[in-house]
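A.B. asks: Please read through the structure below; I'll follow up with questions.
The values are calculated or read from the model by the stated rules, or taken from the named source; none is laboratory data. Please read all numbers here as calculations on a predicted model, not as lab measurements. We place every Cβ from the backbone using ideal geometry, glycine too, and count neighbours over all the protein chains shown. Each accessible area value is taken on the protein alone, full model and side chains, heavy atoms only, with ligands, DNA and RNA left out. Shrake-Rupley method; radii C 1.70, N 1.55, O 1.52, S 1.80 Å.
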Amino acid sequence: MSAQGRHADAEPLLRKALALRETALPAGHPDIAASWNNLAANLIEQGRRSEAEPLLRRALAIWRTLRPTHPQRIDGLRAVALTLQHQRRSLAEVRSLYRLAGAGAMERMQSFVGFTPAAEAELRRYRPIFTGQVRAAWGLAARKR
């Protein structure tokens, strides 16, 4: 339903899937984090970023246990940073989150030999992290004290 733009209709189903995973899986399982992330993405699509933020942070807390180059960890850092950035909050934290995500992405990209199609796709995938990092830095630099 979310793919069809019916976010409000999908929300109860996402909440049910989350409840099932929380019941069936041990605390801290990455699939629970994925469910929190999916529900948060749905809430963001509905314009409810402030409700999504705690879910994104909970997912990130689990994903931070993964290696720095793990795609879920990188994407989780970016999701929290982007949510804060859209709310115009915590620019210093936004910059730090993007920095960590960017470091993981750069380390992933170093594993590619040459600029192959796969390397190019990886770079495109993580482009929003680097542009977000620049926006955060500019925002911090422009702040009046």
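A.B. asks: Any chance you could look up the accessible area of residue 113 with a 1.4 Å probe, heavy atoms only, rounded to 10 Å²?
C.D. replies: Approximately 130 Å² for this residue.
A.B. asks: Could you give me the ³J(HN,Hα) list for segment 77-88, computed from phi with Karplus coefficients 6.51, -1.76, 1.60 and θ = phi - 60°, whole Hz, x at Gly and Pro?
C.D. replies: Using θ = phi - 60°, the values come out as 4, 5, 5, 5, 4, 5, 5, 5, 5, 5, 8, 6 Hz.
A.B. asks: What ³J(HN,Hα) values, in whole Hz, does the Karplus curve 6.51 cos²θ - 1.76 cosθ + 1.60 give for segment 54-66 when θ = phi - 60°, with x put for Gly and Pro?
C.D. replies: x, 5, 5, 5, 5, 4, 5, 4, 6, 5, 5, 6, 7
A.B. asks: Quick one, what does Rg over Rh come out to for segment 1-68 if you take C-alpha atoms and the Kirkwood Rh?
C.D. replies: Computed over Cα atoms, the ratio is 0.99.
A.B. asks: What do you reckon, how do 35, 90 stack up by accessible area (1.4 Å probe), largest on top?
C.D. replies: Output order, biggest surface exposure first: 90, 35.
A.B. asks: Each label point is 7 Å from the Cα along the Cα-to-Cβ direction; what then is the distance between the points at residue 142 and residue 9, in nm?
C.D. replies: Inter-label distance under the simple model: 4.0 nm.
A.B. asks: Rounded, prolate or oblate: which fits the chain, taking a ≥ b ≥ c as square roots of the Cα gyration tensor eigenvalues, rounded meaning a/c under 1.5, else prolate when a/b beats b/c?
C.D. replies: Values: a/c = 1.77, a/b = 1.28, b/c = 1.38.
Oblate, because a/c is 1.5 or more while a/b does not exceed b/c.
A.B. asks: Related question: Which of 13, 43, 100 moves the most in a Gaussian network model of the chain with Cα springs under 10 Å?
C.D. replies: Fluctuation is largest for 13.
A.B. asks: In addition: Let me cross-check residue 86: its accessible surface, 1.4 Å probe, with only protein heavy atoms counted, in Å² to the nearest 10?
C.D. replies: Rounded to the nearest 10, that gives 100 Å².
A.B. asks: OK, next. Whole-Hz ³J(HN,Hα) for each residue in segment 19-29, computed from phi via Karplus 6.51 cos²θ - 1.76 cosθ + 1.60 with θ = phi - 60°, x for glycine and proline: what do you get?
C.D. replies: Working through the residues one at a time gives 4, 5, 5, 5, 6, 8, 10, x, 4, x, 6 Hz.
A.B. asks: Calculate how steeply helix 30-45 sits against the longest principal axis of the alpha-carbon atoms of the chain, using the helix alpha-carbon long axis, and give the answer as 0 to 90 degrees to the nearest 10.
C.D. replies: 90
A.B. asks: Determine how large the accessible area of residue 93 is when every protein chain is in place; take a 1.4 Å probe and give Å² rounded to the nearest 10.
C.D. replies: Residue 93 has an accessible surface of roughly 60 Å² with all protein chains in place.
A.B. asks: While we're looking at this one, here's another question. Where the accessible area of segment 1-66 is counted over protein heavy atoms with a 1.4 Å probe, how much of it, in %, is carbon and sulfur?
C.D. replies: Reported share for carbon and sulfur atoms: 55 percent.
A.B. asks: Which residue fluctuates the most in the chain, going by a Gaussian network model with Cα springs under 10 Å, if the choices are 99, 21, 89?
C.D. replies: With Cα springs under 10 Å in the chain, the top fluctuation among 99, 21, 89 is at 89.
A.B. asks: Quick one: accessible area per residue over the chain, 1.4 Å probe, rounded to a whole number of Å²? If you can, show how the numbers build up before the last one.
C.D. replies: Working: 8580 Å² over 145 residues.
Per residue, the chain has an accessible area of 59 Å².
A.B. asks: Now for a separate question. Compute the distance in nm between two label points, each set 7 Å from the Cα along the Cα-to-Cβ direction, one at residue 131 and one at residue 89.
C.D. replies: Inter-label distance under the simple model: 2.4 nm.
A.B. asks: Using amide H atoms built in the peptide plane, which far-off residues or other-chain residues are under 5 Å from residue 69 H to H?
C.D. replies: The list, which skips near neighbours in sequence, is empty: none.
A.B. asks: Still on this model: Enter the Cα centre distance for the pair segment 1-69 and segment 111-145, rounded to the nearest angstrom.
C.D. replies: 25
A.B. asks: Using the Cα centre as the reference, give the magnitude of the dipole from point charges on the C-beta atoms of segment 1-133 (Lys, Arg: +1; Asp, Glu: -1; all else neutral), rounded to the nearest 20 debye.
C.D. replies: So the magnitude is around 280 debye.
A.B. asks: In segment 54-145, with Lys and Arg counted as +1 and Asp and Glu as -1 at Cβ, which of these residues, 129, 103, 80, has the Cα nearest the positive end of the dipole, that is, farthest along it?
C.D. replies: Towards the positive end, the residue furthest out is 80.
A.B. asks: Taking 35 Å as R0, compute the FRET efficiency from the Cβ-Cβ separation of residue 109 and residue 23 and round it to 0.05.
C.D. replies: It comes to 0.35.
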